[in-house]
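Read the structure below first, then the notes.
Readers should treat all values here as calculations from the given coordinates under stated rules, not as data from a laboratory. Keep in mind it's a predicted model, so treat the numbers as computed, not measured. We place every Cβ from the backbone using ideal geometry, glycine too, and count neighbours over all the protein chains shown.
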């Protein structure tokens, strides 16, 4: 038996009150934990979906040209020589970074000019699997891209030159048969002819060479700058983040997270106030007890500790229950929303943080009532009878 | 030797026009082993004086000594130690913690920290309960005890630390005559064993047990008789 026995026994003495209080606190903590997990997974899910609408990192060969403009008019670039990236090495450099789980697509591209009826046309050699990931709006079927050579023409280039399905495009005297015409997308893809990268490399004698690589990276768990610097460390190529794309995506995800944090803050504030009121009423009810404790020699810190310990005991129990309830609620909610959680293990660290936060809230809320109790004059407390 | 010396102590509640002098310029000396009874009407300042003498409250002015030591300008830690070891108080209402057994209530002053209560304290607590006639009722909760027994537990709690002085504020106030008589007999017995007692009562016949009686009126001592 010691000072904490008083706290334990006082909780046991009013079980219904302790249970009611705990239920409300558990509900608050469960809501916070649940919302937090749901927001994280929704953010990740949103980003995965957003990353399918284009790359946010570009990998280019080291600059050996500089753009020329005069009087605000862009006059193009002065190129000294066309340089290429080594496809295998650069793709490996991207895939092997520390944050490789954040890389959702690596799409290498080789750009060459071809010929159709004496007119030059621009061809892009692409890794179809990666390209389809970055362009989910393209009206092509997954089974079509599995053929050894698959060639499609953008809407505008097909319209302008009268290219149809079955038309041959000549590249280095090799004919590439157009398999599909894309619907109008309103972007650069309308003006290009896309074909299988390995075939184009072979036809042009550019084995393992690409002009640039587009990367779609998920940035919710780490800043894009970290991903860029990690890729840069693995390769000599230029690595650039498409900041506007990144910012737009992060703003969307950040907005959802901010909204959730606002709700969490409101719930936590309500919990602090509720706990403070609970402890204040407990102190007011126990004035006599506190008075007698002071009269038999209890110090102010002892009274303060006994009151805070009571709040802490309830907070630890509520923290454990609240975390478990919140976690499993979030799992159910995410299942309803059809969002898959990759890691099903209960994160122990998060549980400890939740208990810690609950403890902090409880002690912070109990501090003022406990201070009031500690400052009670025994004579005044006992004369109130 | 005086255990308590009060020189011109006053206690004023409120200020300005609404100020009330509950104790007005009282001087008092109390010898070790003395049994002092304070009589007076309600509102005469008896309880306020007892609170001041028992170091539960501080006087607005005056000097107050316990065993020659100034207890007005004493540190908080020293005051708590004094309350825990040397000064004991019992009240009209027993003030037992309802969730503790009789023995645990007696041990209450020993639970003032994170160190667990020692076995020697438990033995002393049981011995105190035996002294007040509650052998075999150590494990009963307050609501399983009669009013007189509850007051005996409060007395056991008070004497458990072997204090030098016991202040009793109307200890028989809420008890019937027979039970009240037994409490007074118990206090007299403790006094005979050397415990200094200061008791407030409304009943003249209980005052007869005391060595000295003081009568209070309007915060002042009117009669001081041996």
How many Cβ atoms of partner chains, on average, are near each residue of B:88-99 if near means within 10 Å of its Cβ? 5
Förster radius 56 Å - calculated FRET efficiency between residue A:320 and residue A:129, Cβ distance, rounded to 0.05: 0.75
Rounded to one decimal in Å, the inverse mean reciprocal Cα-Cα distance for region A:56-241, i.e. its Kirkwood radius, is 17.7 Å
Averaged over peptide A:285-295, how many Cβ atoms belonging to another chain are found within 10 Å of each residue's Cβ? 5
Work out Dmax and Rg for chain A from the C-alpha atoms and quote the Rg first, both in angstrom. 32.6, 108
Using a Förster distance of 30 Å, the FRET efficiency for residue A:350-residue A:375 (Cβ separation, nearest 0.05): 0.20
Compute a Gaussian network model of chain A, connecting alpha carbons closer than 10 Å, and tell me which residue from A:137, A:321, A:55 fluctuates the most. A:137
Tell me, how many Å apart are the Cα centres for region B:147-214 and for region B:14-46? 19 Å
Pick from A:214, A:257, A:119 the residue whose mean-square fluctuation is largest in a GNM of chain A, springs joining Cα atoms under 10 Å. A:119
Based on the Cβ-Cβ distance of residue A:191 and residue A:98, what FRET efficiency does E = 1/(1 + (r/R0)^6) give at R0 = 25 Å, to the nearest 0.05? 0.10
So what's the back-of-envelope 222 nm ellipticity for chain A, counting only DSSP H runs of four-plus at -39500 (n - 2.57) apiece and dividing by all residues, rounded to 500? -18500 deg cm²/dmol
Pop a pseudo-label 7 angstrom from the Cα along the beta-carbon direction at both residue A:24 and residue B:144 and give the gap in nm to one decimal. 3.4 nm
Enumerate the residues in region A:292-333 having an amide nitrogen under 16 Å from the point lying 7 Å beyond the Cα of residue B:85 toward its Cβ. A:296-299
Simple SL model, points at 7 angstrom along Cα→Cβ for residue B:177 and residue A:285; separation in nm is 4.0 nm
Rounded to one decimal in nm, the spacing of the 7 Å Cα→Cβ label points at residue B:223 and residue A:164 is 13.3 nm
Between 0 and 90 degrees, rounded to the nearest ten: what's the tilt of helix B:147-159 against the longest Cα principal axis of chain B? 80 degrees
On a 0 to 90° scale, report how tilted helix A:348-374 is relative to the longest principal axis of chain A, with both axes built from alpha carbons and the result rounded to the nearest 10. 30 degrees
